[in-house]
Amino acid sequence: MSIITRFAPSPTGYLHVGGARTALFSWLHARKHGGKFILRIEDTDLERSTQESVDAILQGMNWLGLEYDAGPFYQTHHFERYRAIIQQLLDQGDAYRCYCSKEELEELRTTQMANKEKPRYDGRCREHAVVREGVQPVIRFKNPLDGEVVINDLVKGQIVVANKELDDLIIARGDGSPTYNLTVVVDDMDMQVTHVIRGDDHVNNTPRQINILRALGAKLPEYAHVPMILGSDGARLSKRHGAVSVMQYRDDGYLPEALLNYLVRLGWSHGDQELFSLDEMVALFELEKVNVSASTFNTEKLLWLNHQYMMNSEPEHVARHLSWHIGNLGIDPASGPDLVGVVKAQRERCKTLVEMAAASRFFYQEFDDYDEKAVAKNFKAGTEQVLGELHEQFAAVVDWEAEILHEVVLKTAEHLQLNLGKVAQPLRIAISGTAVSPAIDVTLALLGREKTLQRLQRAIKYIKNLN
Ligand code: GLU
């Protein structure tokens, strides 16, 4: 049997990390078994669904690299099919029209609550509905009255629900539009989904969906309900804990594979291994090993992982992502050194691409002001002479290479009888505006002769004006 999984987001917001993790687990399960992964947009809630959210979800999936083999399918394109299935259920006696008014249902609820019973529809229209003129009836599914539904959840283990706990679910509203549980069932059946992997906030829907699938004579999928993600305070992860949107992580300078690696470890483990390439994830991932309990989102760990990926990925790959961030700063990456060199120089010291882009800005653009503290500490009377000497030496360099530039700095220090720091640090501030940069020779090599000489001149002038 070939495996088919799906990710079925409702387009009512951006793609958040919880959704992304569910998508990742579904994707991994399909990939691992050579199966198919489907993207299905559950957009039947016309009031809450927006094209903007659809775009955000597609963008998030694309950025993460979670390729789907089929879709995106849109439930709003399937209304005919849902109508046909609702009719089929009516025809075969598995559904019925219910004319109960809001007030009636409210009254029922109040009585049940007063009697300390679980509020549920009592099925009063099930056998003989009183047809009411002018009332558009809803359609309810005839849930079996006896027996139980047994779910062998791949994550949660066995879940048993007695049918008498389940009331007759509305499958079509008064206006004829299908409800969530109906549309999911029809699509899962039509798309021959073998594994429904989703958040455990849906676990209560599952026995109801199974009963409808049974009534339709459909083959039942396996279910895997993934526990939720908590914030550091133990509450369900939400905006107030920080970034929850996948694209926010792009904007904050994370590599997609770092986020994927982080998400796969959130509730799943393989020994104490922390770093997984995508291939390793595919090979090692097992739904059955997903934790039963909720996991806590740990921003520090994600940051650590991101740094690992920045340091250990192909610099060309990191450079492609850095290019986007450099562009975001309004800088043309062609106006300075090749980004691959910049990545190699910066990746030990920068944990995010945003940090790296900011710290590399001076390679491409003149900086506005010198760092005040750095100036106070390093630009003294006489420093202009040191920089002047460097200017002269650099102007004479034929091959602008790190090793040779290193020699020049050393020789200048020797010649001026200064220790290296007294030369290298003012030089660093002169060319970068700050007291922190990669090794001075690498920095000079990347910056290039022209910018180096210009900036030395600018610093010399500046120091003269100070004193
Ligand atoms: N559309 C549902 C949601 O976004 C998911 C339904 C499912 O996976 O079965 O929560």
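Tabulated values for the structure
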read-out	value
Residue within the stretch 177-184 that is more than 29 Å from the chain's Cα centre (by Cα) and either away from the ligand (no atom under 11 Å from the Cβ) or touching a residue at least 12 places away in the same chain (Cβ under 8 Å) (or both) present	yes
Of residues in the stretch 191-208 being near the ligand (Cβ under 10 Å from one of its atoms) and surrounded by 19 or more Cβ atoms within 10 Å (Cβ to Cβ), the one farthest from Lys156 (Cα to Cα)	Val193
Test result for Ile171, surrounded by 16 or more Cβ atoms within 10 Å (Cβ to Cβ), in a strand (DSSP E or B) and away from the ligand (no atom under 14 Å from the Cβ)	yes
The stretch 248-298, subset among the β-branched types (Val, Ile, Thr) and open to solvent by 20 Å² or more (accessible area, probe 1.4 Å), residue farthest from Gly18 (Cα to Cα)	Val282
Strands (runs of 3 or more DSSP E) fully within the stretch 1-118 counting 1 or more residues that are within 15 Å of the ligand (Cβ to nearest atom) and within 26 Å of Tyr249 (Cα to Cα)	4-7, 36-41, 70-74
Meets criteria (more than 21 Å from the chain's Cα centre (by Cα) and in a helix (DSSP H, G or I)) for Val342	yes
Flag for Asn152 being within 12 Å of the ligand (Cβ to nearest atom), among the polar types (S, T, N, Q), outside any loop (DSSP other than H, G, I, E, B) and out of contact with any Pro (no Cβ under 7 Å at 6 or more places or on another chain)	no
Qualifying positions in the stretch 209-224 - open to solvent by less than 50 Å² (accessible area, probe 1.4 Å) and within 15 Å of the ligand (Cβ to nearest atom)	Gln209, Ile210, Ile212, Leu213, Ala218, Pro221, Tyr223, Ala224
Residue match in the stretch 216-231 (condition: in a helix (DSSP H, G or I), within 19 Å of the chain's Cα centre (by Cα) and aliphatic (A, V, I, L, M))	no
Those residues of the stretch 121-145 which are exposed (fewer than 15 other Cβ atoms within 10 Å of the Cβ) and more than 43 Å from the chain's Cα centre (by Cα), in sequence order	Glu127, His128, Val130, Val131, Arg132, Glu133, Gly134, Val135
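The values are calculated or read from the model by the stated rules, or taken from the named source; none is laboratory data. This is a predicted model, so every value here is computed, not measured. Cβ sites come from the backbone with ideal geometry, for glycine too, and all protein chains shown count toward neighbours. For accessibility, only protein heavy atoms count, side chains too; no ligands or nucleic acids. Shrake-Rupley method; radii C 1.70, N 1.55, O 1.52, S 1.80 Å.
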